[in-house]
Amino acid sequence: MPEPLKPEVNPPLTTHKVTTHLSDLLRQRYSIWVLGVISFVESALPVPLITDPFMVAYMMAHRGKIILAIAVTAGASILGGLAAYLVTALFSEAILSLASPETMAQFNQLSIQYADSSFLLAFLGAITPVPFTL
């Protein structure tokens with residue numbers, strides 16, 4: 001008689017496992033590109049993904065490439081911001097045309113409320129450690 005199949009149970013994801021996988025990933029040959037992709041995604045998408053811990057981990061794994069890590073992270077962040085700006089500039093009209101009249105009224109009201117304080121909000125987002133997308 002065949003033995004009954006037992007369901008495979010994956011152990012829960014722990015901080016230790018994530019740290020170990022991240023450490024292994026950052027020691028790979030192409031890890032600088034992983035760092036760049038993380039930085040790009042953090043800047044291009046409204047996702048509160050903090051690049052700094054990844055950059056610090058990369059710098060600790062590759063002490064001789066600190067300047068390269070800073071340059072790649074900064075460059076990818078600038079490119080991600082530029083990509084987000086271009087997507088918004090090119091597709092905002094098309095996306096907003098799909099919104100209901102009630103949503104557009106709320107959007108316009110919100111735009112008016114924040115028009116006067118946009119510089120202050122951008123400045124505070126730039127100098128605080130809290131991710132800007134929150």
- Message: Checking the structure you have, find out if any residue of region 60-81 is modelled with pLDDT under 90 and aliphatic (A, V, I, L, M).
- Response: yes
- Task: Taking the residues in region 95-106 that are at pLDDT below 85 and in a helix (DSSP H, G or I) as candidates, determine which candidate is farthest from Glu42 (Cα to Cα).
- Result: Ser97
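Residues are listed down the side, and each one gets a yes or a no for (1) open to solvent by 80 Å² or more (accessible area, probe 1.4 Å); (2) part of a helix (DSSP H, G or I); (3) touching a residue at least 60 places away in the same chain (Cβ under 8 Å):
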| site | (1), (2), (3) |
| --- | --- |
| Val37 | yes, yes, no |
| Val41 | no, yes, no |
| Pro48 | no, no, yes |
| Ala57 | no, yes, no |
| Lys65 | yes, yes, no |
| Ala71 | no, yes, no |
| Gly81 | no, yes, no |
| Tyr85 | yes, yes, no |
| Ala89 | no, yes, no |
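The values are calculated or read from the model by the stated rules, or taken from the named source; none is laboratory data. Not measured: the values here are computed from a predicted model. Here the Cβ is made from the backbone with ideal geometry for all residues, glycine too, and neighbour counts use every protein chain on show. Ligands, DNA and RNA are excluded from the accessible area calculation, which covers all protein heavy atoms including side chains. Shrake-Rupley method; radii C 1.70, N 1.55, O 1.52, S 1.80 Å.
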